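Since every read-out is calculated from the coordinates, none of them should be taken as a lab result. Here the structure is a predicted model, which is why all the values come from computation and not from measurement. Cβ sites come from the backbone with ideal geometry, for glycine too, and all protein chains shown count toward neighbours.
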Amino acid sequence: MTTQRRGQPLSMRLALLLSVAVVAVLLVTGLAVNRLVSRSLEQELTAVQRERLAIAADALGSAKLQTPRGQHVAELTLQRVAVAIRGRAELVDANGLVVAARGQLPPGAQSKRIEEPVPGDAGLTLALLVPRADQAFLRIFNATLLIAGTLAVLALIAVAALLSDRLTRPLREVAAAARRLGAGDLAARAAGGSDRESGELAEAFNSMAARLERSEALRRRAASDMAHDLATPATVLESQLQAMVDGVVPADRAQLERARAAAGALSGQIVQLRELVDAEAAGLQRRPERAAVIDLLVDAGQALEPLYRERGVVLTVEGVPPALAVEVDASQVGRALRNVLTNAAQHAPAGSTVSVSAEAIGSGVRMRITDAGSGIADEDLPHVFERFYRADPARAGGEPRAGSGIGLTIARELLTANGGTIDVEQTGPDGTVFAVELPLAVD
C-alpha cells in the first residue's frame, strides 16, 4: 500500500505568502517613513532653534556686557532662552570657559549643542544645549505606526485567508469531483469558478470525465455485443454438432458446412480482437519499405472482391500515378486499407461505386476513399474511430450492423504506427470521403 504525502492546503500557503509579502512591504515602508519623518522633524526643529539662537545672540551683542546693566541683560536673555528651549543656555568665552549660564537639561535627556557667535564681542559664543524633543515624538510616532501596522496585518491575514479560500474553492471542487470519479461515479462533474483558469480546468476535467463515461458505456455495450456476437455462432455450432451426435440430423456435407460456417464466424470475431491487440503494438513490429501506392490499393481491392460482389458494389481505383510510392510497412498499411474499404462497402448501397484516388501532397501521399452511402450523423462523427463504436443502423439503410465496431480503430492504429493519419474529409447525404495520408517515399 502506497502512502501519499499531503502538504499544507494551497489556500493556507497563498494566505501566508500574501501576508508575508505585505508585511515585508509595510515594514520597509514604515522604516522609510520613520527615517523621512525623523530627518524632516530634526531639520525643522534645528532651523527654529537656530533662528531663536541668532535673535538671542544679537540681543547679547547689543548689550554692553562689561557693565553691570549689560551683565543683567545677558542673564535675563540666557534665562529666557533656556526656558524657551527647555534646556541650558551658556555664554562661553574664547577659551571655552562658561562666563554665564542658565537652565538645566531634564535628567537622562539626550541633547544637541548649537552655537552662535555674539556680534560685537570678540571671542564670546552663545551655546544652547537643546533636548532632543524629536525623540519623544518619534517614539509616539513609531508606537502609533506599529499599532496601525499590526492591525493592518491582522486585517490583511483575514482578507488573504478569505480571498485564498475563494480562489482555491474551484480547485477543491475539481479535486472532490475527481475523487468521486475515481470512486466510480462517472457522472461527477466540476463547476469551476468565475476566473478563466479554474473555468478551463473544470472544462478540461468535465471533458475528460465525459470521455471516460462514454468509453465506459461503449465498453459495456461492446462487452454485451461481443458476448452476443460470440455466443450466437458458438450456440449454432454447439447445437449443430449435438444434433449430429444425437442423430437428429445426418452428418452429411450440408450439416458439416453449417457447422463450419458457425465456427468461421466465431473465429472471425476472435481474429478481429487479435488484430486490435496487434494494431496497438504495430509501432514496435513495423518493417518499413518502399511500396507503390497502386500496388497497395490493387491488393486490398482484390482481397475484398468477394465482399464487394456480395454487396453489389463496384470498387474503382483511378488517377493513381504508377510511380507514386510510400515508405511504410506494406502488410500493416494493406490491412488498414482493407478495413477502410470494408467499411465503405458496408455503407454503400447496392449498385453504387466506391472510388479510390491518390495524389502527392507536399511530403506525403493522400488517398481518398469515397462511398455513396447516406453519410455519417453529426452526433456519430466524433466517434467513428473509437473502439467498439457502432453508429445507428440507419446509416446502412436500416440493416443490422456488421462487425464488432473496431475496424476503423484498427486502421487508425496501423496508419498512426506508420506515420500516417486518417480522418473524415467530407460526409453528407451523397456519401462519405475518408482521407488517408502516408509519408512519401524518398528517392
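Points worth noting:
- Highest mean packing comes first when the peptides 353-364, 428-439 are listed by Cβ atoms within 10 Å, giving 428-439, 353-364.
- Relative to the current alpha-carbon distance between GLU75 and LEU27, full extension at 0.36 nm per residue lengthens the span by 12.4 nm.
- Residues ARG172 and THR421, FRET efficiency given R0 of 45 Å [Cβ-Cβ distance, rounded to 0.05]: 0.70
- Estimated inter-spin distance, LEU163 and LEU212, nm [label 7 Å along Cα→Cβ]: 3.4
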